[in-house]
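Notes to accompany the following structure.
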Amino acid sequence: MPVIIGLGNPGRKYAGTRHNIGFRFIDTLAETMSVRMGPGKGPFHVGKGRHAGHNVYLAKPTTYMNNSGDAVQQLLNWYKEDAANCLVCYDDLDLEIGTIRLRPGGSAGGHNGIKDIIQKLGTDAFPRLRIGIGNDFPRGQQVQYVLSPFSEEEQDIMISTVDKAIDASYTFVRDGIDEAMNNFN
């Protein structure tokens with residue numbers, strides 16, 4: 001059964017920040033699918049839904065971003081799912097705002113949450129859905145930037161970007177990562 005995980009940091013302090021776009025994606029997807037999220041059997045919130053005749057789990061780690069691997073590993077172990085069937089959604093500084101990219105696996109690309117997942121799972125062979133948050137920040141201000149909210153203008157762009165990411169995730173559930181990449185990259 002496909003598992004879709006959105007990365008972010010727990011707590012009000014981080015709600016609405018660029019770094020939490022993965023959480024926003026899962027929250028919107030859960031609402032769209034009428035999935036009720038709740039505490040899981042590990043450091044994550046989880047809900048089960050259906051799309052086009054397929055069961056799917058939606059999840060958000062309750063660990064901080066840099067420790068996402070603990071939650072992902074426990075989630076996959078609990079539900080006896082393979083990493084190759086797990087789509088991880090997260091923010092990407094190297095993509096312009098409004099852009100999404102899917103990949104079947106690969107390096108962490110400097111993202112500490114993905115780096116931790118790769119380390120804990122012992123593999124980099126899991127699909128990713130990256131959402132561009134841009135990189136318009138002064139040198140040395142990366143942390144402040146990713147922990148800042150989107151501007152009003154960017155909020156409008158992100159609404160349609162999250163909708164596009166949801167469509168991509170539906171394609172992943174129905175047809176797999178290759179078809180999703182063909183349609184959305």
Inset, instruction - State yes or no: is Asp94 assigned to a loop (DSSP other than H, G, I, E, B), under 19 Å from Pro2 (Cβ atoms) and in contact with a Gly (Cβ under 8 Å, 6 or more places away or on another chain)? - result: no
Legend entry - Residue check, Ala108 in a loop (DSSP other than H, G, I, E, B) and of a type in the set (A, V, I, L, M, F, W, C): yes
Inset, instruction - Among the residues of segment 38-82, write down those that are in a strand (DSSP E or B) and of a type in the set (S, T, N, Q). - result: Asn55
Legend entry - Test result for Gln74, polar (S, T, N, Q), over 13 Å from Leu7 (Cβ atoms) and buried (at least 17 other Cβ atoms within 10 Å of the Cβ): yes
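Per-residue answers, yes or no, for (1) out of contact with any helix residue (DSSP H, G or I) (no Cβ under 7 Å at 6 or more places or on another chain); (2) in contact (Cβ under 8 Å) with a residue 60 or more places away in the chain; (3) within 15 Å of Gly22 (Cβ to Cβ):
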position: Gly98; (1), (2), (3): no, yes, no
position: Lys120; (1), (2), (3): no, no, no
position: Phe126; (1), (2), (3): no, no, yes
position: Phe172; (1), (2), (3): no, yes, yes
position: Met181; (1), (2), (3): yes, yes, no
Legend entry - Members of segment 128-144 that are aliphatic (A, V, I, L, M) and touching a residue at least 40 places away in the same chain (Cβ under 8 Å): Leu129, Ile131, Ile133
Legend entry - Test result for Phe172, under 18 Å from the mean Cα position of the chain (by Cα) and modelled with pLDDT under 95: no
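Conditions tested, residue by residue: (1) touching a Pro at 6+ places or on another chain (Cβ under 8 Å); (2) more than 18 Å from Ile177 (Cβ to Cβ); (3) acidic (Asp, Glu).
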| residue | (1), (2), (3) |
| --- | --- |
| Arg18 | yes, yes, no |
| Ile21 | no, yes, no |
| Val72 | yes, no, no |
| Asn77 | no, yes, no |
| Ala84 | yes, no, no |
Legend entry - Residue match in segment 89-105 (condition: at pLDDT 95 or above and over 26 Å from Thr32 (Cβ atoms)): yes
Legend entry - Failed criterion for Val46 (all others in (1) aliphatic (A, V, I, L, M); (2) closer than 20 Å to Asp178 by Cα; (3) surrounded by 15 or more Cβ atoms within 10 Å (Cβ to Cβ) hold): (2)
Inset, instruction - Determine which single condition Ile157 fails, assuming it passes every other condition in (1) within 26 Å of Asn185 (Cα to Cα); (2) crowded, with 20+ Cβ neighbours inside 10 Å; (3) in contact (Cβ under 8 Å) with a residue 60 or more places away in the chain. - result: (2)
Inset, instruction - Name the one entry in Ile159, Ile131, Ile118 that is within 21 Å of Glu31 (Cα to Cα) and in a helix (DSSP H, G or I). - result: Ile159
Legend entry - All positions within segment 134-156 that are over 16 Å from the mean Cα position of the chain (by Cα) and assigned to a helix (DSSP H, G or I): Gln142, Val143, Gln144, Tyr145, Glu152, Glu153, Glu154, Gln155, Asp156
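The values are calculated or read from the model by the stated rules, or taken from the named source; none is laboratory data. Not measured: the values here are computed from a predicted model. Note that each Cβ is placed from the backbone with ideal geometry, even for glycine, and that neighbours are counted across all protein chains shown.
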